[in-house]
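*Asks:* Encoded as structure tokens, here's the structure I'll be asking about.
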Amino acid sequence: MLTATLLGSAQDGGVPQAGCRCGHCAAALADRVFERLPVSLALRAPGGLQLFEATHALPRQLALAGAQTPATVWLTHAHLGHIDGLGQFGTEVMNTSEVPLHCSPAVADILRTTPAWHALLDRGNLLLQEFRSGEPVECDGFTVTPLTVPHRSEAGDTHALLVSAGRRLLFLPDHDAWGATLTAVGAASPRDWFRQLGADIVLLDGTFWSSGELPRQAEVPHPPVRETLELLGTRREDDPRVVFIHLNHTNPLCNPESVESTTLVRSGWEAGREGMSFGL
């Protein structure tokens with residue numbers, strides 16, 4: 001059985017977030033037990049560590065995964081918090097040699113045309129492997145099927161990644177809205193989509209609890225957890241395990257003692273936390 005480990009549970013900036021002194025960030029600055037790293041996932045495979053997303057917290061996340069360098073990297077999209085760790089594969093830090101980097105053609109174009117990322121390709125630190133939506137990629141005893149989801153397109157496209165190795169794990173840290181996503185995947189509801197995929201575990205975008213956490217939240221769309229709970233209701237016996245990840249520092253789920261956290265647990269769902277493991 002392969003094991004997936006959650007290496008980060010926060011939105012791109014992490015908790016604490018630079019320039020912020022909200023209650024969650026202040027607590028994390030005072031005591032690292034309250035810290036949350038940017039969202040990332042590790043899969044321990046026979047050929048080495050498979051890393052999903054490359055964040056600025058890469059050193060700590062590799063240590064949490066028990067690895068010095070990943071064997072392979074997978075990217076969902078090119079927003080900074082998901083790729084800003086790529087620079088550490090270069091000559092200034094790890095100086096890796098041809099680590100396969102799986103991403104969409106649109107993300108590959110961004111990497112090729114951004115000087116800092118292009119240098120990693122030119123020097124052979126990373127080796128681009130472009131995937132296609134809906135086409136499974138066979139890799140080291142498991143498969144990854146990328147699934148296009150609507151998300152802000154200023155940095156290319158965005159994919160959820162369905163990891164299959166006996167059991168199935170859906171990794172969906174970012175998407176814009178359930179209406180757009182369900183239309184794109186041809187499903188009537190989140191539960192219907194999860195069942196279509198045969199998902200046993202869903203690591204799901206939980207960036208915001210509600211729609212009013214930021215003054216200009218409409219500019220950074222994500223389905224609020226409260227809305228997702230209205231669609232899912234209470235967990236049923238045949239439902240997958242749903243774990244909310246990519247939590248913004250404003251999200252009350254960052255505090256496991258909050259009323260919102262209690263509501264989530266009573267509904268049968270979970271908030272992600274670094275070190276959570278999932279058998280596949």
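The values are calculated or read from the model by the stated rules, or taken from the named source; none is laboratory data. Because the structure is a prediction, the values reported are computed rather than measured. Every residue, glycine among them, receives a Cβ derived from its backbone with ideal geometry; neighbour counts consider all protein chains shown.
*Asks:* It is to be established whether one or more residues within the range 146-158 are more than 20 Å from S267 (Cα to Cα), at pLDDT 95 or above and of a type in the set (A, V, I, L, M).
*Replies:* yes
*Asks:* Between S97, S104, which is hydroxyl-bearing (S, T, Y) and closer than 30 Å to A199 by Cα? First the steps, then the outcome.
*Replies:* Working: S97 fails: closer than 30 Å to A199 by Cα.
Every option except S104 fails the conditions.
*Asks:* Let me ask something else. Kindly indicate whether Q129 is within 30 Å of E98 (Cα to Cα), at pLDDT 95 or above and among the polar types (S, T, N, Q).
*Replies:* Values: within 30 Å of E98 (Cα to Cα): yes; at pLDDT 95 or above: yes; among the polar types (S, T, N, Q): yes.
Yes: the conditions hold for Q129.
*Asks:* Still on this structure, I have one more. Quick check on my filter: what residues within the range 140-162 are among the small types (G, A, S), assigned to a loop (DSSP other than H, G, I, E, B) and either in contact with a Pro (Cβ under 6 Å, 6 or more places away or on another chain) or over 14 Å from H82 (Cα atoms) (or both)?
*Replies:* Going through the range 140-162, the residues among the small types (G, A, S) turn out to be 141, 153, 155-156, 160.
Add one more test, that the residue is assigned to a loop (DSSP other than H, G, I, E, B), and what stays is 141, 156.
The answer is G141, and nothing else.
*Asks:* Then there's this: I'm told R236 meets every condition in (1) in contact with a strand residue (DSSP E or B) (Cβ under 9 Å, 6 or more places away or on another chain); (2) basic (K, R); (3) within 23 Å of G198 (Cβ to Cβ) except one. Can you identify the failing condition by its number?
*Replies:* The single condition R236 does not satisfy is (1).
*Asks:* Within the set of pairs 6 or more residues apart or between chains, which connect a residue that is in contact (Cβ under 8 Å) with a residue 60 or more places away in the chain inside the range 201-221 to a residue that is of a type in the set (G, A, S) with Cβ atoms less than 8 Å apart?
*Replies:* Within 8 Å, the pairs are I201/A4; L203/G272; G206/A271; G206/G272; P221/A177.
*Asks:* State whether one or more residues within the range 51-62 are within 16 Å of M276 (Cα to Cα) and among the β-branched types (V, I, T). Steps first, please.
*Replies:* Residues of the range 51-62 within 16 Å of M276 (Cα to Cα): 51-52, 60-62.
Going one step further and asking which of them are among the β-branched types (V, I, T), we end up with none.
No, because not a single residue in the range 51-62 is within 16 Å of M276 (Cα to Cα) and among the β-branched types (V, I, T).
*Asks:* Any idea how many residues of the range 39-70 are over 15 Å from T5 (Cβ atoms) and buried (at least 19 other Cβ atoms within 10 Å of the Cβ)? Even if it seems obvious, please write down each step before you answer.
*Replies:* In the first step, residues of the range 39-70 are kept if they are over 15 Å from T5 (Cβ atoms); the result is 46-47, 54, 56, 59, 68-69.
Now narrow it down to the ones that are buried (at least 19 other Cβ atoms within 10 Å of the Cβ): 54, 56.
Residues meeting the conditions: 2.
*Asks:* Let me ask something else. Note down all Cβ pairs under 7 Å where the first residue falls in the range 95-108 and is over 29 Å from H151 (Cα atoms) and acidic (D, E), the second is modelled with pLDDT of 95 or more and surrounded by fewer than 21 Cβ atoms within 10 Å (Cβ to Cβ), and they're at least six residues apart or on different chains.
*Replies:* Here the result reads E98/G124; E98/L127, each pair linking the range 95-108 to a residue that is modelled with pLDDT of 95 or more and surrounded by fewer than 21 Cβ atoms within 10 Å (Cβ to Cβ).
*Asks:* Would you confirm whether any residue within the range 80-96 is crowded, with 20+ Cβ neighbours inside 10 Å, of a type outside the set (S, T, N, Q) and modelled with pLDDT under 95?
*Replies:* Checked against the condition, which is being crowded, with 20+ Cβ neighbours inside 10 Å, of a type outside the set (S, T, N, Q) and modelled with pLDDT under 95, the range 80-96 yields at least one hit.
For every residue, the table says whether it meets (1) within 14 Å of the chain's Cα centre (by Cα); (2) over 21 Å from R112 (Cβ atoms); (3) among the acidic types (D, E).
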| residue | (1), (2), (3) |
| --- | --- |
| R36 | yes, yes, no |
| A45 | no, yes, no |
| G66 | no, yes, no |
| A71 | no, yes, no |
| G87 | no, no, no |
| E92 | no, no, yes |
| P100 | no, no, no |
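*Asks:* Can you tell me which of (1) at pLDDT 95 or above; (2) in contact with a Leu (Cβ under 7 Å, 6 or more places away or on another chain) is the one G166 doesn't meet?
*Replies:* Condition (1) is where G166 drops out.
*Asks:* Which of the residues spanning the range 30-45 are free of Cβ contacts under 8 Å to residues at least 60 places away in the same chain, among the aliphatic types (A, V, I, L, M) and within 18 Å of S277 (Cα to Cα)?
*Replies:* A42, the sole residue that qualifies.
*Asks:* From the list L121, L126, exactly one residue is under 22 Å from P38 (Cβ atoms) and in contact with a strand residue (DSSP E or B) (Cβ under 7 Å, 6 or more places away or on another chain). Which is it?
*Replies:* Numbers: L121 fails: under 22 Å from P38 (Cβ atoms).
One residue alone meets the criteria, L126.
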